[in-house]
1. Name the pairs: first residue in segment 15-26 and closer than 15 Å to D176 by Cα, second residue assigned to a strand (DSSP E or B) and charged (D, E, K, R), Cβ to Cβ under 8 Å, at least 6 apart or on different chains?
2. Those residues that are of a type in the set (F, W, Y), over 30 Å from D216 (Cβ atoms) and surrounded by 12 or more Cβ atoms within 10 Å (Cβ to Cβ), I need them from segment 56-111; list them, please.
3. Could you please find all residues in segment 154-208 being in a helix (DSSP H, G or I), of a type in the set (D, E, K, R) and crowded, with 16+ Cβ neighbours inside 10 Å?
4. Among the residues of segment 254-288, which ones are of a type in the set (K, R) and surrounded by 15 or more Cβ atoms within 10 Å (Cβ to Cβ)?
5. Would you check if I63 is at pLDDT below 95 and in contact with a Pro (Cβ under 6 Å, 6 or more places away or on another chain)?
6. Of all residues in segment 232-277, which are among the polar types (S, T, N, Q) and not in a helix (DSSP H, G or I)?
7. Can you find a residue that is within 30 Å of H20 (Cα to Cα), of a type in the set (A, V, I, L, M) and in contact (Cβ under 8 Å) with a residue 12 or more places away in the chain anywhere in segment 47-56?
Amino acid sequence: MRVKGRDVELTVEEFRAWQHKSITLLGMSGVGKTRLAQVLRKDHWFHYSGDYRIGTRYLDEPILDNIKRQAMQVPFLQQLLRADAISIRNNITADRLTPVSSFLCKLGRPDMGGLPLGEFKRRQALHREAEIAAMRDVPAFIRKAQHIYGYQHFVNDAGGSLCELEDDGVIRLLHDHTLMLYIRTTEADERELIRRAEADPKPLYYREAFLDAELDVYLQEKGLPYVAMVDPDEFVRWVFPKLFRSRLPRYEEIAERYGCTVTTEELARVRDAADFLVLVEEAVARRV
């Protein structure tokens, strides 16, 4: 990990002396990254949400186009939109990212809200490009956090799919400017994340190779000849545990090469910035 341009193992003493700490949180959605970032924000930490940046900067227009496309199917709204009598805008916040999820959507039957495979992959590709761009913005926002907004420290609340981007340049960039902290799930928390996904299946980002392989398996298991026959929610419930476990070695590799690790159980005990700093020091000490 790099501190002020020095590509060396960070010691606890160096971490303590780091005047403007910048940390990237790495891990699955649901492990507590955003909760932690919101806790830190109350104590002079700038909260940079990768998903917020994606939705408000890089996917804003495609998201709005998708919403307008749906609105145009309603004659009353169609008439108002064509007359420029109404406008539509996103109202995205760091903890309300529904427009981003609604754009990603799910794969499968159109009558159940699913997308055809081609359109689904197009949106997946746009999301990947947007996430890469949002992570490349991190150094600029570290500077903005200090010099414009007057924050002392910076936390990058990265999306759960960061490990899926297959872009070493982005990971190296984050390593050069932040301490990467992987939040590893305990077995109990892993079961809880899977249970939540089964109870409330949400749109997900998939590496194309992973999607193609797992989709073939799913179609064969269910005896379905076409993607257009896939139940969107059922597919997410089926694939989520496989996606989760496929990401674990990717997170571990990033943490091993570039960062350090804490568990969801340890993170759950953090109540303020002071607790967090102690936890990071412990993680750095374990790494060294």
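1. From segment 15-26, the pairs are L25/D157.
2. Quick first cut of segment 56-111, residues of a type in the set (F, W, Y) only: 58, 76, 103.
Those left that are additionally over 30 Å from D216 (Cβ atoms): 58, 76.
Y58, the sole residue that qualifies.
3. E164, D189, E190
4. R287, the sole residue that qualifies.
5. Judged against the criteria, I63 is a match.
6. Matches in segment 232-277: T261, T263.
7. Yes, segment 47-56 contains at least one residue that is within 30 Å of H20 (Cα to Cα), of a type in the set (A, V, I, L, M) and in contact (Cβ under 8 Å) with a residue 12 or more places away in the chain.
So that you can scan it fast, the table gives a plain yes or no per residue for (1) modelled with pLDDT of 95 or more; (2) surrounded by 14 or more Cβ atoms within 10 Å (Cβ to Cβ); (3) of a type in the set (A, V, I, L, M, F, W, C):
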{"position": "F210", "(1), (2), (3)": "yes, yes, yes"}
{"position": "L215", "(1), (2), (3)": "yes, yes, yes"}
{"position": "Y226", "(1), (2), (3)": "yes, no, no"}
{"position": "M229", "(1), (2), (3)": "yes, no, yes"}
{"position": "V236", "(1), (2), (3)": "yes, yes, yes"}
{"position": "L248", "(1), (2), (3)": "yes, yes, yes"}
{"position": "E252", "(1), (2), (3)": "yes, yes, no"}
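The values are calculated or read from the model by the stated rules, or taken from the named source; none is laboratory data. Note that the structure is predicted; figures quoted are calculated from it, not measured. A quick note on method: Cβ atoms are made from the backbone with ideal geometry, for glycine too, and the neighbour counts reach across all protein chains shown.
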